[in-house]
Each structure stands twice: as C-alpha cells, then as structure tokens.
Amino acid sequence: MGVNIEIGELALTGFGSINADRVAESFQRELTRLLTEHPVPFTGREIDLVGGAPPLPPTRSARRLGQALARAVHSGLLEAGP
C-alpha cells in the first residue's frame, strides 16, 4: 500500500534565503521515516490539511525546516484519521 501526498504550493516566509530543494529532500525523507515508523490508518479518502499547521521553529537550516514540516504534516494526518 502506498501513500500519495500532494502539495500544490508551499510558501515559506520569514526564513531568508533557504534552499528549497534541500527542504523538499529533507521533508520527503522525514515524512517517509515517520510514516514507516508510525503508520497512519487511511480509509481511501482525501484529507485536506490546509491551514492549522503549527508554527515552525525559526531556523536557517533547510534540513531542520524540512523535518519540522514533515512532522507537522504527519501530526495533521494522525489527527484527521478515521
């Protein structure tokens, strides 16, 4: 079973110049790890997580930002579960 997560647009403000590709790589790696270690029960439906994300920590590290984003998405998936 696979999980398809679609992010239409992600706008990061207040982080200065940060490498978006590195943020995306870190996000994907961390979310994959979280979903592997802590699966989310899916029922074949779409879940919209727009808005309500917790504040992200101030950082200039693309890796840390990607990890924080992945944790926020994973948390939202757990809360929106069946």
Check Leu78 against each of (1) modelled with pLDDT under 85; (2) touching a helix residue (DSSP H, G or I) at 6+ places or on another chain (Cβ under 9 Å) and name the one condition it does not meet.
(2)
Evaluation of Val40 against (1) surrounded by fewer than 13 Cβ atoms within 10 Å (Cβ to Cβ); (2) at pLDDT 75 or above; (3) under 14 Å from the mean Cα position of the chain (by Cα) (one fails), failing number
(1)
Near pairs, Cβ below 7 angstrom, 6+ apart or cross-chain, from segment 57-70 (crowded, with 16+ Cβ neighbours inside 10 Å) to any residue that is among the acidic types (Asp, Glu):
Gly66/Glu25; Gly66/Glu30; Gln67/Glu30; Ala70/Glu30
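The values are calculated or read from the model by the stated rules, or taken from the named source; none is laboratory data. For clarity, every value in this text was computed on a predicted model and none was experimentally measured. In this analysis, Cβ positions are derived from the backbone assuming ideal geometry, glycine residues included, and neighbour counts consider all displayed protein chains.
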